[in-house]
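One structure, as structure tokens, below. Some questions next.
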Amino acid sequence: MSQTDSFIEEVTEEVRRDRLFAMIKKWGWVAILVVLMIVGGAAYNEYRKSAIKAEAEGFGDVLLAGIDANDAGATLATVPTSNPQQAAIAGHLAAADALAAQKTDVGMDTLDKVVGTEGVPAVYAELAKLKRALALPPETPVEERRAAFEALAAPGAPFQPLAEEQLALIAAETGKPEEAVAILQGLLDSAKITPGLQRRAAELIVALGGELADTQ
């Protein structure tokens, strides 16, 4: 290689180096910003996870204190909540305590509040409706009880099998054993039925004089 070629190569390398340094000086802050954003995002995620965990633990502690109060759900009904799901959980526990203490009106009103809570997950609302229907006093007209469970027995509803079981019991109660057996047979054919409900349905079919299919 001649001295001229060597000189040109050295100059070219210097030019490249100068351009690289100039680019770093001009755009290096972008790389630094990206790194800071990544590090900051990771730190925020960890902080958020920690905050959510602390909030959940605090909510759990308050719920346990309300349960230990043993005051028919009065303390649970006033538990501070930060979202509709927490409000629904506290409401369900408060209603259960009130119903257990024979304060039916209070328990049912609490369940109504769960249903009416804005943004409450659908499963909590439907469960509150089911509990309310089950808590209806014995003197409640049959048609009112039947209507409550029919609304919960719509196809695809989360508690459809349990509502249908209650409809079968109402049919048996009102002297319609054939209708009750037909409902129960439909339950046994359902893929959503639990082992416990399957057993109860089979026993009730036999008690009502019905026959179980050979596959049951």
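Filter segment 100-115 down to residues that are of a type in the set (S, T, N, Q) and over 24 Å from the mean Cα position of the chain (by Cα) and give me whichever is most open to solvent (accessible area, probe 1.4 Å). Quick ask: steps written out before the conclusion?
Taking segment 100-115 first, the residues of a type in the set (S, T, N, Q) are 102, 104, 110.
After this cut, where a residue has to be over 24 Å from the mean Cα position of the chain (by Cα) as well, the list is 102, 104.
Details: Gln102: 151, Thr104: 43 Å².
Here the residue is Gln102.
Inspect all residues belonging to segment 135-144 and state whether any of them is open to solvent by less than 70 Å² (accessible area, probe 1.4 Å) and touching a Leu at 6+ places or on another chain (Cβ under 9 Å). Outline the logic, then answer.
As a first pass, look at segment 135-144 and keep what is open to solvent by less than 70 Å² (accessible area, probe 1.4 Å): 135-137, 140, 142.
Now narrow it down to the ones that are touching a Leu at 6+ places or on another chain (Cβ under 9 Å): 135.
Scanning segment 135-144 turns up at least one residue that is open to solvent by less than 70 Å² (accessible area, probe 1.4 Å) and touching a Leu at 6+ places or on another chain (Cβ under 9 Å).
So which residues in segment 52-94 are under 21 Å from Arg132 (Cβ atoms), part of a loop (DSSP other than H, G, I, E, B) and open to solvent by 50 Å² or more (accessible area, probe 1.4 Å), if there are any at all?
The answer is Ala74, Thr81.
Which residue pairs have Cβ atoms under 9 Å apart, sit 6 or more places apart or on different chains, and have a first residue in segment 163-179 that is within 11 Å of Val142 (Cα to Cα) and a second that is of a type in the set (Lys, Arg) and part of a helix (DSSP H, G or I)?
Hits for this filter: Leu167/Arg146; Ile170/Arg145; Ile170/Arg146; Ala171/Arg146; Thr174/Arg146.
The values are calculated or read from the model by the stated rules, or taken from the named source; none is laboratory data. Remember, it's a predicted structure, so these values are computed and weren't measured experimentally. Cβ atoms come from the backbone with ideal geometry, glycine included; neighbour counts cover every protein chain shown. In case anyone asks, the SASA skips ligands and DNA or RNA and just uses the protein heavy atoms, side chains included. Shrake-Rupley method; radii C 1.70, N 1.55, O 1.52, S 1.80 Å.
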